[in-house]
Amino acid sequence: MLRNSDRSWGALARLLHWTLAALVFAQMALGWAAASWRLSPMKLDLFVWHKSAGMLILALTIVRLGWRLANPVPALPGGMPRWERRAARASHAALYLLAFMMPLSGWVVSSAAGVPFRLFWLLAVPAIAAPDKAVADAAASVHLALFVVLSLLLCVHVGAALRHHYLQHSDVLSRMLSGRGVVE
């Protein structure tokens with residue numbers, strides 16, 4: 001089933017979720033490696049991969065958000081306390097916001113630093129800020145702070161999914177893995 005239902009995630013929602021999850025984790029490793037690597041052609045290549053993956057994450061997040069708005073969202077498990085429902089909605093909103101803000105802040109860093117780049121070495125990406133060292137430094141600080149927040153939020157997200165699956169025996173994780181929930 002391609003589309004979501006009120007009970008389960010559709011194939012496209014699951015594909016976008018897991019593709020973005022893999023890209024975000026790869027992106028975190030690429031960013032860390034690129035920032036840590038000594039100045040060399042490899043460092044420059046790592047940054048091209050990092051920036052390109054960031055633009056891909058931004059594009060896929062737009063697609064995913066559009067798909068989510070056009071489809072029903074499966075209901076949360078029955079019996080979830082009100083605070084937990086609110087926390088789930090807030091954390092998902094924060095993940096979407098971070099999936100926009102991280103690539104945009106990185107794009108500002110590149111632009112303000114006067115470092116042009118080509119998406120996967122092919123397509124020139126236009127600057128979205130004029131060269132300005134103070135702006136580049138501020139955007140880099142924001143980018144790092146967003147990385148820390150995203151890292152913490154991903155730990156909470158994964159932990160909550162595992163808690164629902166292993167401790168509460170709800171279908172939250174299984175319906176994102178297979179699209180089928182378990183009967184509660």
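FYI, it's all coordinate maths here, none of it is from the lab. A quick note: this is a predicted structure, and the numbers were derived from the prediction, not measured. Ideal geometry is used to build each Cβ from the backbone, glycine not excepted, and the neighbour counts take in all protein chains shown.
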Added length on full extension, which subtracts the Cα-Cα distance from 0.36 nm per residue, ARG7 to ILE62: 17.5 nm
All-pairs alpha carbon distance profile, the chain, 5 Å steps from 0, percent: 1, 7, 14, 19, 18, 13, 10, 8, 6, 3, 1, 0
Return PHE120, PHE147 ranked ascending by Cβ neighbour count within 10 Å, so the fewest neighbours appear first. PHE120, PHE147
Starting from the Cα of ALA70, step 7 Å along the direction of its Cβ; do the same at TRP37; then give the gap between the two resulting points in nm. 3.7
Residues in segment 27-61 that a label on LEU153 would reach, taking backbone N under 14 Å of a point 7 Å out along Cα→Cβ: 58, 61
1/(1 + (r/R0)^6) with r = Cβ-Cβ of ALA129 and PHE100, R0 = 22 Å, i.e. FRET efficiency to nearest 0.05, evaluates to 0.85
Computed E for ASP45/ALA138 - FRET, C-beta separation, R0 22 angstrom, nearest 0.05: 0.25
Can you pull the percent of Cα pairs in segment 1-92 with separation above 20 Å? 52
